[in-house]
1. In µm²/s, what is D for segment 1-139 at 37 °C and 0.692 mPa s, where D = kT/(6 pi eta Rh) by Stokes-Einstein and Rh is the Kirkwood radius from Cα pairs?
2. What net charge do the residues around Asp76 carry, taking every other residue with its C-beta under 11 Å from that of Asp76, with Lys and Arg at +1 and Asp and Glu at -1?
3. Near Ile167, within a Cβ-to-Cβ distance under 15 Å, what is the net charge of the other residues, with Lys and Arg +1 and Asp and Glu -1?
4. Putting +1 on Lys and Arg Cβ atoms and -1 on Asp and Glu Cβ atoms, find which of Leu90, Ala34, Ala49 reaches farthest to the positive end of the dipole of the chain.
5. Tell me, what HN-Hα J-couplings in whole Hz come from the Karplus equation 6.51 cos²θ - 1.76 cosθ + 1.60 at θ = phi - 60° for each residue of segment 184-190, using x for Gly and Pro?
6. Here are some pairs, Lys22/Lys53; Lys79/Lys115; Lys94/Lys122; Lys11/Lys94; Lys75/Lys122; which of them have Cα atoms lying more than 20 Å apart in this structure?
7. Please compute the per residue accessible area over the chain with all protein chains in place, 1.4 Å probe, rounded to a whole number of Å².
8. Among residues other than Ala21 whose Cβ falls under 14 Å from its Cβ, what is the net charge (Lys/Arg +1, Asp/Glu -1)?
Amino acid sequence: DHSMYNACCMKRICNGCVVAAKKRGMIDCAFCRAPIPNNDTDTLARIQARVAKKDPEAIYFLGQKYFFGSLGLQKDMRKAVELYSEAAELGSAKALFSLGNAYELGGGFQQDEAKAAEFYAKAAMQGHVSCRFNVGHIEAVKGNYDRAVRHFMISAKMGHEKSAETIKNLFTAGFVTKEQHAEALKGYQDSVEE
């Protein structure tokens, strides 16, 4: 990844901007100018301050820390799902994606593919490209190839490489027309070039 989250403002800042700011002598956050925390305790305190303000990015980010057990937190899947749910209610598509993954894979609680599909569909409607692909995959598994192709076409046009490859494979298998294949390929290339 070519960027990082800053705990002070929960903004993703590209590494190039961080390097450019440091060259100018700025050692604080390149976005909000707050001092960068230098240990896990300070970082966690900053994240929790943003969580208290109901910042969906911070809530999602804290959920990730519980999911992976980082920043000195004990790995806790239930707490992660609770935080993802709160962030999703506040509009986070990434939290919906993580909820979909959690319910699809199980991982510490009851696996529920129907719930996973519901979360993926909600996130796809918010523009989450990987969720759009997942919804297409779910439709393909059900045998709904027309619906699957529509989802794969949308995500391919959004620059999702795996969707473009899937369209190619479905074209080879006879589920996608030549026109659909060409449209998806052109959309994918246009998206990647931007």
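1. 205 µm²/s
2. +3
3. Taking every Cβ under 15 Å from that of Ile167, the sum is +1.
4. With unit charges placed on the Cβ atoms, the residue in question is Ala34.
5. Couplings: 5, 5, 5, x, 5, 4, 4 Hz.
6. Those over the limit are Lys22/Lys53; Lys75/Lys122.
7. Counting only protein heavy atoms, the per-residue value for the chain is 58 Å².
8. Once all neighbours under 14 Å are counted, the net charge is +4.
The values are calculated or read from the model by the stated rules, or taken from the named source; none is laboratory data. Everything numeric here is computed off the predicted structure, so don't read it as measured data. Neighbour counts are summed over all protein chains in view; Cβ atoms, including those assigned to glycine, are modelled from backbone coordinates with ideal geometry. All accessible areas refer to the heavy atoms of the entire protein, side chains included, with ligands and DNA or RNA removed. Shrake-Rupley method; radii C 1.70, N 1.55, O 1.52, S 1.80 Å.
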